[in-house]
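What follows is one structure encoded as structure tokens, with my remarks underneath.
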Amino acid sequence: MTALDIVRIPVLSDNYVWLVHESDSGATMVVDPAVADPVLAAAAERGWTITDIWNTHWHPDHTGGNAAIKEAAKAWGGCTITGPAAEYERIPTLDVRVKGGDQVRLGSHIAEVWDVPAHTAGHIAYHFAADRAIFVGDTMFAMGCGRLFEGTAEQMFDNMQRLGMLDDATRVYCAHEYTLSNARFAVTVDPGNDALAARLAAVEAARGAGEATVPTSIGEERATNPFLRATSAAELGRIRALKDAA
Ligand code: ZN
Ligand code: FE
């Protein structure tokens, strides 16, 4: 099994679309295309044709490119759009509805679908266990978590606990570059954390140089993410409320 090729495509003001290529089968998948054109261009540049789109949740900055990519894909045999069963009414382009425990394939690579409700009620994540990679949409960010638009602190706490059980090397592919603002906030709620202070300095330097700071890893998040480090849903909820007001 060859490694997946994973390409980060920055779009809109702070979204990341992930382009994932499996060279044995030639399958190419896009996670959460906010828009179509830069994604189609990134694939074409590499000689790849998009065969699949996987959505994590219904928000337009994660699904806005679905229809145009699907239309373009007619030129090479079409593409299949997979996304959360619980949100199919809000993602009219969906072909395949999945939920927690289902498996989805990209060539010989298998991802398990996780239910991670909270940011939206039907939010899902895609975990490639053998590849040590998880696509989390707007559930976890570097040193942050998604806003609780359609769910509770209890649900987000459960999501963080489950993510925190993955091994340290697991790469976390999130959908936004929120790292600097998250780090600056995180040091205010966890001021004694040396790893966090060091990470803030590193992130300030990286962003100052115009560099992306994701994917992150479970190990880094376990050391520095106040939402993952929260020891109760109440604590997570309190930190989330402070961040919302920051
Ligand atoms: Zn969202
Ligand atoms: Fe988003």
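All of the numbers you see were taken from the coordinates with simple rules; none came from a lab. Not measured: the values here are computed from a predicted model. Don't worry about glycine lacking a Cβ; one is built from the backbone with ideal geometry, like all the others, and counts go over all protein chains shown.
Please give the contour-minus-distance gain from Ala212 to Thr2: 0.36 nm per residue of separation, less the Cα-Cα distance, rounded to one decimal in nm.
Value of the extension gain: 73.1 nm.
On average over all directions, what projected area in square nanometres does the range 114-199 have, based on the convex hull of its Cα atoms?
Over all viewing directions, the range 114-199 projects a mean Cα-hull area of 5.7 nm².
Which of the trypsin sites (Lys or Arg not before Pro) found in the range 59-146 are loop residues per DSSP with 14 or fewer other Cβ atoms within 10 Å of their Cβ?
Within the range 59-146, the qualifying trypsin sites (Lys or Arg not before Pro) (loop, at most 14 other Cβ atoms within 10 Å) are Lys99.
Would you mind telling me the antiparallel percentage of the DSSP bridges in the chain, rounded to 5?
Within the chain, antiparallel bridges account for around 70 percent of the total.
Under the rule that an exposed site lies in a DSSP loop and has at most 16 other Cβ atoms within 10 Å, name the longest stretch of the chain with no GluC sites (Glu not before Pro) of that kind, not counting the sites themselves.
With GluC sites (Glu not before Pro) excluded where exposed in loops, the chain gives 1-149 as its longest stretch.
Please compute the modelled spin-label separation between Asp37 and Thr188, points set 7 Å along Cα→Cβ, answer in nm with one decimal.
About 3.7 nm separates the two model spin labels.
Indicate, rounded to the nearest 5 percent, the antiparallel portion of the DSSP beta bridges found entirely in the range 1-101.
Once the DSSP bridges in the range 1-101 are tallied, antiparallel ones form about 55 percent.
Using a Förster radius of 25 Å, what is the FRET efficiency between Leu242 and Ala121 based on their Cβ-Cβ separation? Nearest 0.05, please.
After rounding to 0.05, the efficiency reads 0.60.
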